Amino acid sequence: MAENQSNESGMKFVQNDALKMNKYEEALSKYNTDLNDDEVRAAVRKIITEKVHENDTPEVKKFLMGSVELTSLKTTDSEDSILAFTERVNQFDEAYPDLPHVATICVYPNFAKTVAETLEVDGVEIACVSGSFPSSQALIEVKVAETALAIKDGATEIDIVMPVGKFLSGDYEGVADDISELKETCGDKKMKVILETGCLKTASNIKKASILAMYAGADYIKTSTGKLEPAATPEAAYVMCQAIKEYYQQTGIQIGFKPAGGLNTVTDALIYYTIVKEILGEKWLTNQWLRLGTSRLANMLLSEVIGKETKFF
(Lines give C-alpha, C1' and ligand atoms only; values in the text may rest on other atoms or scores of the structure.)
Protein backbone atom coordinates (compact mmCIF):
# COMPACT_ATOMS: atom_id res chain seq x y z
CA MET A 1 0.00 0.00 0.00
CA ALA A 2 2.75 2.42 1.02
CA GLU A 3 4.60 1.64 -2.21
CA ASN A 4 1.48 2.32 -4.29
CA GLN A 5 0.92 5.65 -2.51
CA SER A 6 4.56 6.59 -3.16
CA ASN A 7 4.21 5.73 -6.86
CA GLU A 8 0.99 7.73 -7.14
CA SER A 9 2.62 10.68 -5.42
CA GLY A 10 5.59 10.49 -7.78
CA MET A 11 3.30 10.37 -10.80
CA LYS A 12 1.38 13.43 -9.59
CA PHE A 13 4.67 15.29 -9.12
CA VAL A 14 5.73 14.48 -12.68
CA GLN A 15 2.31 15.48 -14.01
CA ASN A 16 2.35 18.77 -12.10
CA ASP A 17 5.88 19.50 -13.27
CA ALA A 18 4.87 18.80 -16.85
CA LEU A 19 1.89 21.13 -16.51
CA LYS A 20 4.16 23.85 -15.15
CA MET A 21 6.59 23.42 -18.04
CA ASN A 22 3.71 23.42 -20.52
CA LYS A 23 2.73 26.87 -19.25
CA TYR A 24 5.94 28.36 -20.64
CA GLU A 25 5.81 26.36 -23.86
CA GLU A 26 2.19 27.44 -24.27
CA ALA A 27 3.17 31.09 -23.90
CA LEU A 28 5.84 30.73 -26.57
CA SER A 29 3.50 28.83 -28.89
CA LYS A 30 1.33 31.95 -29.29
CA TYR A 31 4.15 33.73 -31.10
CA ASN A 32 6.22 33.09 -34.20
CA THR A 33 9.70 32.40 -32.86
CA ASP A 34 11.02 30.65 -35.97
CA LEU A 35 12.83 33.66 -37.39
CA ASN A 36 15.32 33.90 -40.23
CA ASP A 37 18.40 35.97 -39.34
CA ASP A 38 19.01 37.05 -42.93
CA GLU A 39 15.43 38.31 -43.27
CA VAL A 40 15.79 40.28 -40.03
CA ARG A 41 19.02 41.88 -41.28
CA ALA A 42 17.34 42.80 -44.57
CA ALA A 43 14.35 44.36 -42.79
CA VAL A 44 16.66 46.41 -40.57
CA ARG A 45 18.71 47.61 -43.56
CA LYS A 46 15.51 48.75 -45.26
CA ILE A 47 14.39 50.76 -42.21
CA ILE A 48 17.82 52.37 -41.81
CA THR A 49 18.11 53.23 -45.52
CA GLU A 50 14.59 54.56 -45.99
CA LYS A 51 13.50 56.02 -42.66
CA VAL A 52 16.33 57.21 -40.39
CA HIS A 53 16.93 60.47 -42.30
CA GLU A 54 13.32 61.53 -41.60
CA ASN A 55 14.07 61.55 -37.88
CA ASP A 56 17.37 63.45 -38.05
CA THR A 57 15.84 66.60 -36.59
CA PRO A 58 16.53 68.89 -33.58
CA GLU A 59 13.17 67.89 -32.07
CA VAL A 60 13.99 64.17 -32.12
CA LYS A 61 17.45 64.82 -30.66
CA LYS A 62 15.91 66.82 -27.82
CA PHE A 63 13.49 63.96 -27.19
CA LEU A 64 16.34 61.45 -27.15
CA MET A 65 18.20 63.54 -24.56
CA GLY A 66 15.18 63.12 -22.32
CA SER A 67 15.28 59.34 -22.83
CA VAL A 68 18.92 58.90 -21.79
CA GLU A 69 19.66 56.78 -18.73
CA LEU A 70 22.86 58.45 -17.55
CA THR A 71 24.89 55.50 -16.39
CA SER A 72 27.96 54.96 -14.22
CA LEU A 73 28.84 51.30 -13.70
CA LYS A 74 32.60 51.42 -13.31
CA THR A 75 34.89 49.46 -11.03
CA THR A 76 36.33 52.81 -9.97
CA ASP A 77 32.99 54.33 -8.91
CA SER A 78 33.04 55.80 -5.41
CA GLU A 79 30.66 57.76 -3.23
CA ASP A 80 32.47 60.96 -4.24
CA SER A 81 32.36 60.23 -7.98
CA ILE A 82 28.66 59.29 -7.89
CA LEU A 83 27.84 62.38 -5.84
CA ALA A 84 29.59 64.55 -8.47
CA PHE A 85 27.86 62.57 -11.24
CA THR A 86 24.45 63.29 -9.69
CA GLU A 87 25.28 66.95 -9.12
CA ARG A 88 25.83 67.36 -12.86
CA VAL A 89 22.21 66.34 -13.40
CA ASN A 90 21.13 68.97 -10.86
CA GLN A 91 23.32 71.59 -12.58
CA PHE A 92 22.03 70.65 -16.04
CA ASP A 93 18.49 71.51 -14.99
CA GLU A 94 19.71 74.99 -14.01
CA ALA A 95 22.00 75.51 -17.02
CA TYR A 96 19.51 74.31 -19.67
CA PRO A 97 16.00 74.89 -18.28
CA ASP A 98 14.46 74.71 -21.76
CA LEU A 99 15.89 71.25 -22.54
CA PRO A 100 14.59 67.95 -21.20
CA HIS A 101 16.60 66.46 -18.35
CA VAL A 102 17.81 62.88 -18.55
CA ALA A 103 15.26 60.20 -17.74
CA THR A 104 17.32 58.25 -15.24
CA ILE A 105 20.53 57.97 -13.28
CA CYS A 106 21.69 54.33 -13.29
CA VAL A 107 24.22 53.10 -10.70
CA TYR A 108 25.18 50.08 -8.62
CA PRO A 109 22.90 49.35 -5.61
CA ASN A 110 25.47 50.51 -3.05
CA PHE A 111 25.15 54.04 -4.47
CA ALA A 112 21.34 54.27 -4.45
CA LYS A 113 21.33 56.19 -1.18
CA THR A 114 23.96 58.65 -2.42
CA VAL A 115 21.91 59.44 -5.53
CA ALA A 116 18.64 59.62 -3.60
CA GLU A 117 20.11 62.09 -1.09
CA THR A 118 21.79 64.25 -3.78
CA LEU A 119 19.31 64.33 -6.67
CA GLU A 120 17.17 67.49 -6.71
CA VAL A 121 15.46 67.23 -10.11
CA ASP A 122 11.87 66.02 -10.14
CA GLY A 123 11.09 63.34 -12.69
CA VAL A 124 14.55 61.74 -12.86
CA GLU A 125 14.36 58.07 -11.91
CA ILE A 126 17.01 56.27 -9.83
CA ALA A 127 17.80 52.91 -11.45
CA CYS A 128 20.02 50.26 -9.92
CA VAL A 129 21.47 47.23 -11.65
CA SER A 130 20.75 44.31 -9.34
CA GLY A 131 20.54 40.54 -9.10
CA SER A 132 24.30 39.93 -9.40
CA PHE A 133 24.84 42.23 -12.40
CA PRO A 134 26.25 41.63 -14.99
CA SER A 135 26.37 37.80 -14.86
CA SER A 136 23.18 36.98 -12.92
CA GLN A 137 25.20 34.11 -11.44
CA ALA A 138 24.12 34.04 -7.81
CA LEU A 139 21.66 32.30 -5.54
CA ILE A 140 18.17 33.74 -5.90
CA GLU A 141 18.20 34.64 -2.19
CA VAL A 142 21.22 36.88 -2.83
CA LYS A 143 19.55 38.49 -5.85
CA VAL A 144 16.38 39.16 -3.86
CA ALA A 145 18.30 40.66 -0.94
CA GLU A 146 20.33 42.96 -3.19
CA THR A 147 17.20 44.12 -4.99
CA ALA A 148 15.28 44.76 -1.77
CA LEU A 149 18.19 46.75 -0.31
CA ALA A 150 18.49 48.88 -3.46
CA ILE A 151 14.80 49.78 -3.25
CA LYS A 152 15.06 50.49 0.48
CA ASP A 153 17.91 52.93 -0.24
CA GLY A 154 15.95 54.84 -2.86
CA ALA A 155 16.00 53.00 -6.19
CA THR A 156 12.83 53.68 -8.16
CA GLU A 157 13.70 51.24 -10.96
CA ILE A 158 15.63 47.97 -11.04
CA ASP A 159 17.62 46.49 -13.94
CA ILE A 160 18.27 42.74 -13.71
CA VAL A 161 19.95 40.29 -16.07
CA MET A 162 18.03 37.28 -17.33
CA PRO A 163 19.80 34.04 -16.28
CA VAL A 164 21.26 33.48 -19.73
CA GLY A 165 22.80 30.10 -18.92
CA LYS A 166 19.42 28.72 -17.87
CA PHE A 167 17.84 30.04 -21.05
CA LEU A 168 20.48 28.52 -23.34
CA SER A 169 20.12 25.16 -21.61
CA GLY A 170 16.36 25.22 -22.22
CA ASP A 171 15.38 25.81 -18.57
CA TYR A 172 12.59 28.25 -19.39
CA GLU A 173 10.89 27.51 -16.09
CA GLY A 174 14.03 28.53 -14.20
CA VAL A 175 14.34 31.71 -16.27
CA ALA A 176 10.74 32.73 -15.64
CA ASP A 177 10.84 31.84 -11.95
CA ASP A 178 13.95 34.00 -11.39
CA ILE A 179 12.39 36.98 -13.14
CA SER A 180 9.02 36.53 -11.38
CA GLU A 181 10.58 36.37 -7.94
CA LEU A 182 12.58 39.53 -8.51
CA LYS A 183 9.52 41.32 -9.89
CA GLU A 184 7.68 40.34 -6.73
CA THR A 185 10.51 41.93 -4.74
CA CYS A 186 10.27 45.10 -6.85
CA GLY A 187 6.55 45.45 -6.20
CA ASP A 188 5.32 48.63 -7.87
CA LYS A 189 8.85 49.68 -8.87
CA LYS A 190 9.57 49.20 -12.59
CA MET A 191 11.86 46.29 -13.48
CA LYS A 192 13.93 46.04 -16.66
CA VAL A 193 15.12 42.61 -17.78
CA ILE A 194 18.42 42.56 -19.67
CA LEU A 195 18.52 39.76 -22.23
CA GLU A 196 22.25 40.06 -23.08
CA THR A 197 21.34 39.57 -26.73
CA GLY A 198 24.96 39.15 -27.84
CA CYS A 199 25.02 35.83 -25.99
CA LEU A 200 21.74 34.66 -27.49
CA LYS A 201 23.20 34.70 -31.04
CA THR A 202 20.00 34.19 -33.07
CA ALA A 203 16.85 36.16 -33.77
CA SER A 204 14.78 33.17 -32.66
CA ASN A 205 16.49 33.06 -29.27
CA ILE A 206 16.06 36.81 -28.82
CA LYS A 207 12.35 36.54 -29.62
CA LYS A 208 11.87 33.66 -27.16
CA ALA A 209 13.81 35.42 -24.40
CA SER A 210 11.79 38.61 -24.94
CA ILE A 211 8.49 36.75 -24.61
CA LEU A 212 9.58 34.80 -21.53
CA ALA A 213 10.82 37.97 -19.82
CA MET A 214 7.57 39.84 -20.48
CA TYR A 215 5.47 36.85 -19.53
CA ALA A 216 7.39 36.56 -16.23
CA GLY A 217 6.88 40.20 -15.21
CA ALA A 218 9.30 42.53 -17.02
CA ASP A 219 8.16 46.15 -17.29
CA TYR A 220 10.91 46.80 -19.85
CA ILE A 221 13.13 44.55 -21.89
CA LYS A 222 16.71 45.72 -22.41
CA THR A 223 19.28 44.53 -24.91
CA SER A 224 22.55 44.35 -23.02
CA THR A 225 24.64 44.99 -19.93
CA GLY A 226 27.25 46.87 -21.93
CA LYS A 227 29.87 44.61 -20.36
CA LEU A 228 30.02 42.07 -23.22
CA GLU A 229 30.36 42.37 -27.00
CA PRO A 230 28.36 42.54 -29.10
CA ALA A 231 26.04 44.73 -27.04
CA ALA A 232 22.96 46.41 -28.53
CA THR A 233 22.43 45.88 -32.26
CA PRO A 234 19.69 47.20 -34.55
CA GLU A 235 18.79 43.59 -35.42
CA ALA A 236 18.24 42.68 -31.74
CA ALA A 237 16.20 45.85 -31.28
CA TYR A 238 14.04 44.96 -34.30
CA VAL A 239 13.24 41.50 -32.92
CA MET A 240 12.59 42.77 -29.40
CA CYS A 241 10.26 45.50 -30.65
CA GLN A 242 8.35 42.95 -32.74
CA ALA A 243 7.99 40.81 -29.60
CA ILE A 244 6.75 43.82 -27.59
CA LYS A 245 4.22 44.63 -30.31
CA GLU A 246 2.89 41.07 -30.47
CA TYR A 247 2.76 40.78 -26.68
CA TYR A 248 0.77 44.02 -26.53
CA GLN A 249 -1.63 42.70 -29.18
CA GLN A 250 -2.07 39.46 -27.21
CA THR A 251 -2.37 40.92 -23.70
CA GLY A 252 -3.01 44.67 -23.89
CA ILE A 253 0.06 45.18 -21.65
CA GLN A 254 2.51 47.83 -22.81
CA ILE A 255 6.19 46.99 -22.21
CA GLY A 256 9.06 49.46 -22.49
CA PHE A 257 12.24 49.05 -24.53
CA LYS A 258 15.83 49.96 -23.67
CA PRO A 259 18.82 49.50 -25.96
CA ALA A 260 22.07 49.69 -24.00
CA GLY A 261 25.75 49.21 -24.74
CA GLY A 262 27.31 50.19 -28.03
CA LEU A 263 25.35 53.42 -28.46
CA ASN A 264 28.36 55.44 -29.58
CA THR A 265 26.96 58.06 -31.96
CA VAL A 266 23.90 60.23 -32.45
CA THR A 267 23.18 58.16 -35.57
CA ASP A 268 23.03 55.04 -33.38
CA ALA A 269 20.38 56.72 -31.24
CA LEU A 270 18.42 57.80 -34.33
CA ILE A 271 18.47 54.23 -35.65
CA TYR A 272 16.96 52.83 -32.43
CA TYR A 273 14.41 55.64 -32.31
CA THR A 274 13.42 54.87 -35.91
CA ILE A 275 13.06 51.14 -35.27
CA VAL A 276 10.79 51.84 -32.30
CA LYS A 277 8.76 54.36 -34.31
CA GLU A 278 8.34 52.05 -37.32
CA ILE A 279 7.45 48.90 -35.37
CA LEU A 280 5.76 50.12 -32.20
CA GLY A 281 4.50 53.53 -33.25
CA GLU A 282 3.97 56.88 -31.55
CA LYS A 283 2.61 55.34 -28.34
CA TRP A 284 6.15 54.22 -27.45
CA LEU A 285 7.82 57.54 -28.28
CA THR A 286 7.89 58.92 -24.75
CA ASN A 287 10.68 58.72 -22.22
CA GLN A 288 8.48 56.43 -20.16
CA TRP A 289 8.55 53.68 -22.79
CA LEU A 290 11.84 54.28 -24.65
CA ARG A 291 15.09 54.56 -22.73
CA LEU A 292 18.68 54.70 -23.96
CA GLY A 293 21.35 53.16 -21.75
CA THR A 294 24.40 55.34 -22.32
CA SER A 295 26.43 58.21 -20.90
CA ARG A 296 28.70 59.32 -23.77
CA LEU A 297 25.62 59.94 -25.92
CA ALA A 298 24.26 62.63 -23.58
CA ASN A 299 27.12 65.01 -24.46
CA MET A 300 26.86 64.20 -28.16
CA LEU A 301 23.13 64.91 -28.27
CA LEU A 302 23.56 68.10 -26.25
CA SER A 303 26.32 69.29 -28.59
CA GLU A 304 24.09 68.83 -31.63
CA VAL A 305 21.09 70.46 -29.99
CA ILE A 306 22.94 73.61 -28.88
CA GLY A 307 25.13 73.74 -32.00
CA LYS A 308 28.58 73.53 -30.40
CA GLU A 309 30.69 70.78 -28.88
CA THR A 310 30.29 70.46 -25.13
CA LYS A 311 31.16 67.94 -22.46
CA PHE A 312 28.70 68.82 -19.75
CA PHE A 313 28.32 65.35 -18.23
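Taking label positions 7 Å along the Cα-Cβ direction at both Glu87 and Lys51, the computed distance is 4.3 nm, reported to one decimal. Share of carbon and sulfur in the accessible area of the chain stands at 49%, probe radius 1.4 Å. The modelled label-to-label distance between Ser180 and Glu282, using points 7 Å beyond Cα along the C-beta direction, is 3.8 nm. Ligands, DNA and RNA aside, Tyr215 has an accessible area near 100 Å² when probed at 1.4 Å. Taken about its Cα centre, region 181-313 carries a charge dipole of roughly 140 debye when the Cβ of each Lys and Arg holds +1 and the Cβ of each Asp and Glu holds -1. Once a ≥ b ≥ c are taken as the square roots of the eigenvalues of the Cα gyration tensor of the chain, is the result rounded (a/c under 1.5), prolate (a/b larger than b/c) or oblate (a/b not larger than b/c)? Oblate, because a/c is 1.5 or more while a/b does not exceed b/c.
The separation of region 202-277 from region 32-71, counted between C-alpha centres, amounts to 11 Å.
Over all other residues within a Cβ to Cβ distance under 13 Å of Gly170, the charged ones net out to -1, with Lys and Arg as +1 and Asp and Glu as -1. Look at the dipole of region 222-313 built from charges on Cβ: of Asn299, Gly262, Ala237, the Cα furthest out on the positive end belongs to Asn299.
Neighbours of Ala127 by Cβ distance under 11 Å: Lys/Arg scored +1, Asp/Glu scored -1, total +2. FRET efficiency for the pair Lys152 and Gln250, taken as 1/(1 + (r/R0)^6) with r the Cβ-Cβ distance and R0 = 51 Å, rounds to 0.90.
Looking at the chain, the accessible area is 46 square angstrom per residue; that uses a 1.4 Å probe and ignores ligands, DNA and RNA. The phi-based Karplus calculation (6.51 cos²θ - 1.76 cosθ + 1.60; θ = phi - 60°) puts the 3J(HN,Hα) values of region 244-258 at 4, 4, 5, 5, 5, 5, 6, 10, x, 9, 8, 10, x, 10, 9 Hz, whole numbers, x for Gly and Pro. The residues His53, His101, sorted by heavy-atom accessible surface at 1.4 Å with ligands and nucleic acids left out, run His53, His101 from largest to smallest. With respect to the chain, whose longest principal axis is taken over its alpha-carbon atoms, helix 79-95 is tilted by about 60°.
The values are calculated or read from the model by the stated rules, or taken from the named source; none is laboratory data. The shown structure was predicted, so the numbers you read here are calculated from the model rather than taken from an experiment. Please note: Cβ atoms are built from the backbone with ideal geometry, for glycine as well, and neighbour counts cover all protein chains shown. What goes into the accessible areas is simple: the full protein's heavy atoms, side chains included, and nothing from ligands, DNA or RNA. Shrake-Rupley method; radii C 1.70, N 1.55, O 1.52, S 1.80 Å.
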